[in-house]
Amino acid sequence: MKWTQTLIPTLREAPSDAEIVSHKLLLRAGLIRKLAGGVYTFLPLGLRALRKVEQIIREEMDRAGAIEVLMPALQPPEIWEASGRAETASNVLFKVKDSSGRQWFLSPTAEEVITTLAANEINSYRQLPKNFYQISLKFRDEIRPRFGLMRAKEFIMKDAYSFDTTDENAMAAYKKMYDAYTRIFARCGLKAFPVEADTGVIGGNYSHEFMVPAETGENEVAFCEACGYAANIEKATSGIPKTAAREIGPAIEKFATPGVVTIEALSKEPYKVPANRQIKTLVYIADSKPIIILIRGDDQLNETKLMAKTGAVAVRPATEGEIFILLGAKPGSLGAVNMNFEHWGNIASDVRQNMLDLRKTHKWDVVKIIADERLQGANDMTTGANDDGFHFKNVSIERDIKVTAWFDLRTVTAGEPCVKCAKPLKIRRAIEVGHVFKLGTKYSEALNATFLDETGARKHSVMGCYGIGVTRTLQAIIEQGNDKDGVIWPLSVAPYQVCITPLGIAPESETMKLAEKIYAELTAKGVDVILDDRDERPGVKFKDSELVGFPIRLGIGEKSLAKGEVELKPRNGALQSVKIEEAVDAVLKLLAAGNVG
Ligand code: ATP
Ligand code: MG
């Protein structure tokens, strides 16, 4: 390719809305352009790199026995209603209407489509196992698209779906994908590692995410360097001990705490109740039902765990008004001891009656109290009295509170003992580039994907699903590989591997003649080469070539030519002079060694 023939609009400065380095470089290196927030055009070089990532994915999926299909982006809502996700995934669904008024969803993923296909096309155990994959545009109505391709409204995903006869076979299919992902990210030059993950609205019971460590990542991962345990913070647990039981008095005691509305304030003079002896009472609305959550004063509630443990699809903190209807108190003095209005002496009886009525109309009479397991057996605790300006002490959680269920609800923090080996956990930020799920029969039951087994019995296929954010992966490669001058591509995905940079470009000049000759030879050898035939100053050409990040630059100037040499500059290494006649071999050698990127 000749530089002047293609379009590489490099920029000295990134537009101000690009916040992270990979987003800036995608724009500065002329790889993508923004059309609207979260919607991008791939320019020729960006597309070349993207196609290489896709090709690696294709090869590894094929190698793992998956078969490529292409499913429609327009999906009928009926199949989403059948799976229940028309409602549960409603917030990310792009909904469009055709001219007859019929509604369609733009594909954010394709479990429903592939399961419908399997329901129609697969009938016998003899046709299984199958693993279908596609690489296609996906659409998600992200509320906050940001960081360029990282969180876009429209992006390319590789999604795969496995169908098996038994749970055991489904597990084997999962393992195959897990291994394929490990190979894919390694071939893309990415340091990605698998972590245990929450399954979210997709359902299922077993899942890993593939994470690329990066300060700008939107995920947090807890990991143990000693034993290799790693989990998304949304899912991670630790071996932290439960709250120690102590000797306490026979009954709870109410005491005045005027103006105290925080854990911290109660831990100070004159009360001096340490945070770890306080019970924090939170009120949430989970799928429109209120729920009271108890967690230790020094712990943080993990909302993803809350959803996973209660099965709720949407959770949010209750408003002050809702809390008052439920507990007759303002945040700051809340508690789950005595959830009974009789004890709230200073609420006027008509207000009380009004609240009881409101509870009835909301159907909020029965409120579940769930508590974090770390509080199990805890006594000598202090908690709000549902009476503004008062708290209870001497609280024994099991004696004084009617806990409906105990769950692990807290977020682990750095330094806690690893759940597997007790060594201290670390936490770091990361980018989720891939996700594998064991789905079980959730979709095959909802959409009736069955097969006849050896004995003639009809069974539901056991499914798995496996996604890779292809465009996000591309950006993660840049987020991981860059320096102050620009992108540092791994050889495997660089838009071009070699950039030939003649410093004089007149057609009859020695520099240009040699450049054309080497270009032709390398191209004939199957090397991806670009020839910078622009009439620009050397400084501009070198800067652009570093910015775009071609793994090898081959400079041809009059000075070195006079010595019978050209200059070879690996993007990540030192400049070296090579004899003209050895130039092509030297490039091939560098490429074969593979460590130029
Ligand atoms: P996230 O938690 O980042 O929103 P997700 O868990 O909803 O992602 P999945 O449904 O697991 O995403 O999709 C598979 C992969 O698609 C993800 O691992 C991620 O790499 C990619 N992906 C998801 N949403 C986006 C997006 N809005 N823009 C770009 N890539 C995305
Ligand atoms: Mg995910």
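The values are calculated or read from the model by the stated rules, or taken from the named source; none is laboratory data. Keep in mind that this is a model prediction, so the values were computed, not measured. With ideal geometry, Cβ positions are generated from the backbone for all residues, glycine too; neighbour counts draw on all protein chains shown. Ligands, DNA and RNA are stripped out before the accessible areas are found, and what is left, the full protein with its side chains, is counted by its heavy atoms. Shrake-Rupley method; radii C 1.70, N 1.55, O 1.52, S 1.80 Å.
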### Task
Just subtract the alpha-carbon distance of A226 and I67 from 0.36 nm times their residue separation and send over the number in nm, one decimal.
53.4 nm
### Whole-Å distance, taken between Cα centres, linking the stretch 246-279 and the stretch 559-597
72 Å
### Query
What net charge is computed for the residues neighbouring P76, neighbours being all others with C-beta under 15 Å from the C-beta of P76, Lys and Arg scored +1, Asp and Glu -1?
-1
### Message
For the chain, take N as its residue count and report Rg(C-alpha) divided by 2.2 N^0.38 Å.
### Response
1.21
### Task
Taking only protein heavy atoms into account and a 1.4 Å probe, give the accessible area per residue of the chain in Å².
45 Å²
### Summary
Any residue on another chain or 5+ positions along whose placed amide H is under 5 Å from the amide H of S207 is listed here as A197, K438
### Summary
Along the stretch 22-32, Karplus-curve 3J(HN,Hα) (6.51, -1.76, 1.60; θ = phi - 60°) to the nearest Hz, with x for Gly and Pro, reads 5, 5, 4, 5, 4, 7, 5, 7, x, 8, 9
### Message
Report the per residue volume, in Å³, of the convex hull enclosing the C-alpha atoms of the stretch 46-185.
### Response
141 Å³
#### Entry: Accessible area of the chain belonging to carbon and sulfur atoms, whole % at 1.4 Å probe
52 percent
#### Entry: Pairs from K368/K393; K280/K305; K191/K589; K191/K423; K309/K368 whose Cα-Cα separation, in the structure shown, is over 19 Å
K368/K393; K191/K589; K191/K423
### Task
Only bridges with both residues in the chain count here: give the DSSP antiparallel percent, nearest 5.
80 percent
### Task
Before anything else, pin down the relative contact order of the chain: Cα pairs under 8 Å, at least 6 apart, normalised by residue count, whole percent.
17 percent
### Message
For a 32 Å ceiling on Cα separation, which of these pairs sit above it: K130/K426; K97/K360; K24/K289; K52/K513; K24/K579; K517/K543?
### Response
K130/K426; K97/K360; K24/K289; K24/K579
### Query
What order do R144, R472 take when sorted by accessible area (1.4 Å probe), most exposed first?
R144, R472
